[in-house]
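This report concerns only the one structure given below.
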Amino acid sequence: MSMTKVVFMGTPQFAVPSLDALLDAGYEVVGVFTQPDRPVGRGHRLAACPVKARALERGCPVFQFEKIRRPEGVAQLRALQPDVMVTAAFGQILTQEVLDIPARGVVNVHASLLPKHRGSAPINWCILQGDETAGVTTMLTAAGIDTGDMLLSAQTPILPEDTAGTLTERLSRMGAELLLETLRRLEAGDCPRRKQDEALSTYDPKVEKEMGRLDFTRPAGECALRVRAMSP
């Protein structure tokens, strides 16, 4: 049973296995921060994100702030006194003030082989661009967008039948395992730390609904990649 106090920040399904892994490994998750509930479907009913649903199911305290960097969010984080913070597809940029709160820093689980595919939708873009491999990287979060020092990484081939959905599921499990290994090695003091090569970095914009439109004047292979990248 680890006595490390962890604050977890995440929103979509990708982050759920990482939260489960922390709890199953005995980490004391003192708070789970997610994006506020959003209206979904034709009825525009407010719905909890996957991370909030799982956190409540497992008895974790949940906090939702439109912008965590505002004074009330910062105050709540400070009150929890975390040893480390873990982020996985949280969806908000953390200020230096927030990053300085946990004694051992902020570890991010990012679904790409950094420094390639920085941004909020790396899985969609690696399929859309025809990459042969995908992966997950743990990193120490810095004030920029996915610019922090890399810790550990793992990769997997992108299969011909993979969609954004199947690849997300696979990478989310890989990310959870990599997170535990990263935290273990950080605690042991033998975790590698590498700066990102800015010359090799790429940044992808967020995915918009309009990107699901097919242009049949484009080559068939390109259309097929778009179908897979935007599914579901």
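Looking at the stretch 63-78, can you tell me whether even one residue there is open to solvent by 70 Å² or more (accessible area, probe 1.4 Å) and in contact (Cβ under 8 Å) with a residue 40 or more places away in the chain? Reasoning before the result, please.
So the first thing to find is which residues in the stretch 63-78 are open to solvent by 70 Å² or more (accessible area, probe 1.4 Å), and the list is 66-67, 69-72, 78.
Imposing the further condition that a residue be in contact (Cβ under 8 Å) with a residue 40 or more places away in the chain reduces the set to none.
Looking through the stretch 63-78, none of the residues is open to solvent by 70 Å² or more (accessible area, probe 1.4 Å) and in contact (Cβ under 8 Å) with a residue 40 or more places away in the chain.
Filter the stretch 109-127 down to the residues that are of a type in the set (S, T, N, Q) and open to solvent by less than 20 Å² (accessible area, probe 1.4 Å) and list them by number.
First pass over the stretch 109-127, keeping only residues of a type in the set (S, T, N, Q): 112, 120, 124.
SER112 - this is the single residue of the stretch 109-127 that is of a type in the set (S, T, N, Q) and open to solvent by less than 20 Å² (accessible area, probe 1.4 Å).
For the stretch 52-80, how many residues meet the condition of being under 17 Å from the mean Cα position of the chain (by Cα) and assigned to a helix (DSSP H, G or I)?
Residues that pass the stated criteria total 4.
Do we find a residue being in contact with a Ser or Thr (Cβ under 8 Å, 6 or more places away or on another chain), of a type in the set (D, E, K, R) and either under 30 Å from ASP83 (Cα atoms) or modelled with pLDDT of 95 or more (or both) anywhere in the stretch 165-175?
Yes, some residue in the stretch 165-175 is in contact with a Ser or Thr (Cβ under 8 Å, 6 or more places away or on another chain), of a type in the set (D, E, K, R) and either under 30 Å from ASP83 (Cα atoms) or modelled with pLDDT of 95 or more (or both).
How many residues are assigned to a helix (DSSP H, G or I), touching a strand residue (DSSP E or B) at 6+ places or on another chain (Cβ under 8 Å) and open to solvent by 30 Å² or more (accessible area, probe 1.4 Å) if we restrict to the stretch 1-51?
From the stretch 1-51, those assigned to a helix (DSSP H, G or I) are 13-24, 50-51; that's our starting set.
In the following step, the residues that additionally are touching a strand residue (DSSP E or B) at 6+ places or on another chain (Cβ under 8 Å) were identified as 14-16, 18-19, 22-23, 51.
Filter again for open to solvent by 30 Å² or more (accessible area, probe 1.4 Å), leaving 23.
Final tally of qualifying residues: 1.
What about GLY189, is it at pLDDT below 95 and on the phi > 0 side of the Ramachandran plot? Before the answer, list the steps.
On the way: at pLDDT below 95: yes; on the phi > 0 side of the Ramachandran plot: yes.
Yes; evaluated as a whole, the condition is true for this residue.
Quick check on my filter: what residues within the stretch 171-195 are in a helix (DSSP H, G or I) and open to solvent by 50 Å² or more (accessible area, probe 1.4 Å)? Give the derivation first.
Here is the first cut: in the stretch 171-195, the ones in a helix (DSSP H, G or I) are 171-188.
Those that are in a helix (DSSP H, G or I) and open to solvent by 50 Å² or more (accessible area, probe 1.4 Å): ARG173, GLU177, LEU180, GLU181, ARG184, ARG185, LEU186, GLU187, ALA188.
Assuming ARG104 fulfils every condition listed in (1) modelled with pLDDT of 95 or more; (2) touching a strand residue (DSSP E or B) at 6+ places or on another chain (Cβ under 9 Å); (3) not in a strand (DSSP E or B) apart from one, which condition is it?
The single condition ARG104 does not satisfy is (1).
May I ask you to list the residues in the stretch 161-170 that are polar (S, T, N, Q) and in a helix (DSSP H, G or I)?
Answer for the stretch 161-170, where residues must be polar (S, T, N, Q) and in a helix (DSSP H, G or I): THR166, THR168.
Against the definition (within 18 Å of LEU19 (Cβ to Cβ) and under 16 Å from the mean Cα position of the chain (by Cα)), how does ALA111 come out, yes or no? Spell out how you get there, then give the answer.
Numbers: within 18 Å of LEU19 (Cβ to Cβ): yes; under 16 Å from the mean Cα position of the chain (by Cα): yes.
For ALA111, the condition - within 18 Å of LEU19 (Cβ to Cβ) and under 16 Å from the mean Cα position of the chain (by Cα) - is met.
Looking at this structure, is LEU140 out of contact with any Phe, Trp or Tyr (no Cβ under 6 Å at 6 or more places or on another chain) and under 24 Å from VAL16 (Cα atoms)? Spell out the reasoning first.
Numbers: out of contact with any Phe, Trp or Tyr (no Cβ under 6 Å at 6 or more places or on another chain): yes; under 24 Å from VAL16 (Cα atoms): yes.
Answer is yes for this residue.
How many residues are under 25 Å from ARG213 (Cβ atoms), open to solvent by 20 Å² or more (accessible area, probe 1.4 Å) and either at pLDDT below 95 or outside any loop (DSSP other than H, G, I, E, B) (or both) if we restrict to the stretch 128-160?
1
State all residues of the stretch 82-108 that are open to solvent by 30 Å² or more (accessible area, probe 1.4 Å), touching a residue at least 24 places away in the same chain (Cβ under 8 Å) and of a type outside the set (Val, Ile, Thr); if no residue qualifies, say none.
The first filter runs over the stretch 82-108 and keeps only residues open to solvent by 30 Å² or more (accessible area, probe 1.4 Å), leaving 83, 89, 91-93, 95-97, 100-101, 103-104.
Add one more test, that the residue is touching a residue at least 24 places away in the same chain (Cβ under 8 Å), and what stays is 83, 89, 91-93, 95-97, 101, 104.
Residues satisfying the conditions are ASP83, ALA89, GLY91, GLN92, GLN96, GLU97, ARG104.
Under 9 Å between Cβ atoms, which residue pairs at least 6 apart in sequence (or on different chains) link something in the stretch 199-224 that is open to solvent by 70 Å² or more (accessible area, probe 1.4 Å) with a partner that is of a type in the set (D, E, K, R) and in a strand (DSSP E or B)?
That search, which allows pairs on different chains as well, returns TYR203/ARG118.
The values are calculated or read from the model by the stated rules, or taken from the named source; none is laboratory data. None of the values given here were measured: they were computed from a predicted structure. Note that each Cβ is placed from the backbone with ideal geometry, even for glycine, and that neighbours are counted across all protein chains shown. Each accessible area value is taken on the protein alone, full model and side chains, heavy atoms only, with ligands, DNA and RNA left out. Shrake-Rupley method; radii C 1.70, N 1.55, O 1.52, S 1.80 Å.
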